[in-house]
Amino acid sequence: MNYSFLRASYQPALIVTAGTLVFFGFAGVGEIVMRALRLVLPSPWRMVCAVLLGIQSVMLCVELPAMAGAAPRSVLLVFGWGLLAVGAGQAASLARGLRFRFTGAADRTVLAIVLVAAISLATALLVATAPSTKFDEIYYHMLALARIANDGALIFYLKPWQTAIWPQMAFQISLTPLHALRVPDAGNVVGWWLAATLAAFAWRTIRDNGGDALWSAVWTAAFCTGLYPIVWHVTAGSHSMGDLALCAGGAAWMLRHRLFAQIGATRFALLVGVLTVAAASSKVSLLPISLLLLAVTIIWLFRRDEGQRIRLVVAAAAMPWFVFYAPIVFWTFRASGSPFGPLLSDAFPRSVYGHGVARQMFDSARDINAESVPALALDALIGYSPLIWIGVAGAFLSRAVAVRDRLAMAGLLVAHLIVISVFAYPSVRLIGGLQYGIAISFAAIAAKSWPDWPIARNRFAFATLLLALLVPWLIVQVYYAAPFIPVATGVQTRKKFSERYVAFYQDFEALDSVLPGNAVIFSPDFRIGAVYSPRPMYFDTSDLPSGRPAYALLDASQSPDSTLRTVDGFVREERVYRNESATVKTYRTPGRAPLIGALEVVRLAGARSR
């Protein structure tokens, strides 16, 4: 199968339907696994656990045959149609159980805040429905899945190095059936549903702890508004899964006394095990905080139970890690010589990466993503409603939260910030949902006491303040989403949209008719949306498959006279394509013009085999 987004199906209604059914398919699979484990949880923990457990289970079902080289499109289609069928049944079951109750007169403030949340979620859904253009997703997240679908197997490629860290690709692997079904963009809608689940988790958690409609609604809206959710929660990347998992994990720790009383030690340990492994498998930067959260939970349960049944508790907490995380870590170690591919490769003498190569990769990533302190502050301000940060501060300052709990959560947060700053790069988004869990915990703990606050006694003034902390961030969302609305509603064609927001899209269409059907493309000069390439694309010469003609995608501005005779050790043959005004980089930021440059494509001779 020669896979390319150029030949993927795109119809807005189809994308929404497929993504919705796959999401509910994950939930349905998770429910089946929970029943098998006799894992009975109260709402909303059951909802969150089912979805995350379903994603991990589908990932494992795809991953195991792919590791064995036995995942052709026919197998992936079985998984895909199965997910759609389970999702349809799960959605129908939930629809039959819906009950709407209206008690008392509607509060206009509550309705206004609910409207803010509804507009925010609807706007985000429109962005999710548009063709995939977020660079991280089309450069490496979706590329990993396209390669599995194309190869019928899990093959270790050196680059992009982000995909080579396979233990952080669980969500992407679970979406592989969508590639076989030719609707890969539906993964964006799955991400949106996970973000909606986070909002529903916030609402239900606060309500269950005594919050009234106003208090619950304002915090729910806070998790929906801001630039961050409409940029990062509407893609086929794992951001929304990681945020949901770590948010629920942090909230489980902060609200552990009530949850422990409801479900007991073993189920509580198993729940935290599922949440932490889901967070760790979304981004490797969340691995340390996930393990730390798991460790403090086990220690607390050990002390709570005075050592009784500790083996069962530890086994329950560790089981999700051994079942879902260990296989891909072991496979990555066997394939690359390091359990995390390029990460830590210098510590393993048999790594396929040369000494110092990994350090160069990460230094490059830090340079690309480096932000000044003012830029970080701006991200925190525009990306999130201030209510999120108010909730975090409230959790650390409120007397309603035990001092021991405040110190423990502060320690977890500080440790996490140090890890991502030292070993990755400083970025607000790499906090990974822990701030959400802390804010939800504060809102739940203060649910009954907030009406007595002096600032809340004047209802009108308080309502005005709450809306002021939400509406400007909603306006930012709508402004950002405006360019996506025409294509998501069918007014604009996918081709027209993609030509503006996908680098080299027109060149890819031209190359589709120029290159042989069995060709491969090598891109030494560009980090590019490889899933739109008309032929399989590679970024390292060692990854090029043998026996297939190779063509190099070159930055012609570096060699305008075509005087270079070699390309990364390969002999340069005839030029097959050139474009002096190619779109080499695009931006989703409204009003920001794309970058134009010169592109040249040449045939390579003397290609080495894998």
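The values are calculated or read from the model by the stated rules, or taken from the named source; none is laboratory data. Just so we're clear, the structure is a prediction, and the values are computed from it rather than from any experiment. Note: ideal-geometry Cβ built from the backbone for every residue, glycine included; neighbour counts use all protein chains shown. Remember, those area values only see protein heavy atoms, side chains included, never the ligands or the DNA or RNA. Shrake-Rupley method; radii C 1.70, N 1.55, O 1.52, S 1.80 Å.
Observations
- Residue in the range 475-482 that is more than 23 Å from the chain's Cα centre (by Cα), of a type outside the set (S, T, Y) and either more than 28 Å from V116 (Cβ to Cβ) or not in a helix (DSSP H, G or I) (or both) present: no
- Failed condition for D525, given (1) of a type outside the set (K, R); (2) farther than 23 Å from D136 by Cα; (3) touching a strand residue (DSSP E or B) at 6+ places or on another chain (Cβ under 6 Å): (2)
- Residue in the range 7-16 that is farthest from L145 (Cα to Cα), counting only those that are crowded, with 17+ Cβ neighbours inside 10 Å and not small (G, A, S): P12
- Residue count for the range 39-78 under the criterion of being among the β-branched types (V, I, T) and part of a loop (DSSP other than H, G, I, E, B): the result is 1.
- Remark: A149 falls outside the filter, which requires a residue to be open to solvent by less than 10 Å² (accessible area, probe 1.4 Å), among the small types (G, A, S) and touching a Cys at 6+ places or on another chain (Cβ under 6 Å).
- With respect to (1) under 17 Å from the mean Cα position of the chain (by Cα); (2) within 14 Å of P44 (Cα to Cα), the lone exception for F201 is condition (1).
- Some residue of the range 328-345 being modelled with pLDDT under 90, open to solvent by less than 40 Å² (accessible area, probe 1.4 Å) and over 28 Å from L60 (Cα atoms): no
- Extreme residue, most open to solvent (accessible area, probe 1.4 Å), among residues of the range 261-303 that are in contact with a helix residue (DSSP H, G or I) (Cβ under 7 Å, 6 or more places away or on another chain) and over 25 Å from G242 (Cβ atoms): F302
- Filtering the range 536-553 to residues that are open to solvent by 10 Å² or more (accessible area, probe 1.4 Å) and under 17 Å from R575 (Cβ atoms) leaves P549, Y551.
- A single entry from V401, V392 fulfils the requirement of being of a type in the set (V, I, T), part of a loop (DSSP other than H, G, I, E, B) and in contact with a Phe, Trp or Tyr (Cβ under 8 Å, 6 or more places away or on another chain): V401.
- Test: residue in the range 121-128 that is within 30 Å of R535 (Cβ to Cβ) and in contact (Cβ under 8 Å) with a residue 12 or more places away in the chain: yes
- Positions within the range 346-374 being on the phi < 0 side of the Ramachandran plot, among the small types (G, A, S) and modelled with pLDDT under 80, in sequence order: G354, A358, S364, A365, A370, S372
- Residue check for D136: more than 24 Å from F24 (Cα to Cα) and modelled with pLDDT under 90: yes
- When we screen A27, A36 for residues that are out of contact with any helix residue (DSSP H, G or I) (no Cβ under 9 Å at 6 or more places or on another chain), part of a helix (DSSP H, G or I) and under 28 Å from R258 (Cβ atoms), the only hit is A36.
Per-residue answers, yes or no, for (1) of a type in the set (A, V, I, L, M); (2) open to solvent by less than 30 Å² (accessible area, probe 1.4 Å):
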| residue | (1), (2) |
| --- | --- |
| A18 | yes, yes |
| A27 | yes, yes |
| R35 | no, no |
| L41 | yes, yes |
| C49 | no, yes |
| L64 | yes, no |
| G69 | no, no |
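- Residue within the range 390-403 that is in contact with an Asp or Glu (Cβ under 9 Å, 6 or more places away or on another chain), open to solvent by 50 Å² or more (accessible area, probe 1.4 Å) and on the phi < 0 side of the Ramachandran plot present: no
- Checking the stated criteria, S385 turns out not to satisfy the condition of being open to solvent by less than 70 Å² (accessible area, probe 1.4 Å) and under 27 Å from Q56 (Cα atoms).
- Within the range 120-171, being out of contact with any helix residue (DSSP H, G or I) (no Cβ under 6 Å at 6 or more places or on another chain) and among the aliphatic types (A, V, I, L, M) holds for A122, I155, A164.
- Of the numbered criteria (1) at pLDDT 90 or above; (2) out of contact with any Cys (no Cβ under 8 Å at 6 or more places or on another chain); (3) buried (at least 17 other Cβ atoms within 10 Å of the Cβ), the one I431 fails is (1).
- Failed criterion for A213 (all others in (1) modelled with pLDDT of 95 or more; (2) open to solvent by 20 Å² or more (accessible area, probe 1.4 Å); (3) among the aliphatic types (A, V, I, L, M) hold): (1)
- Any pair with Cβ under 7 angstrom, 6 or more apart, that starts in the range 409-426 at a residue that is free of Cβ contacts under 8 Å to residues at least 60 places away in the same chain and ends at one that is open to solvent by 50 Å² or more (accessible area, probe 1.4 Å): A410/F396; P426/E371
- Selected residue (criterion: farthest from S421 (Cα to Cα)) from residues of the range 349-370 that are open to solvent by 60 Å² or more (accessible area, probe 1.4 Å) and in contact with a Phe, Trp or Tyr (Cβ under 8 Å, 6 or more places away or on another chain): V352
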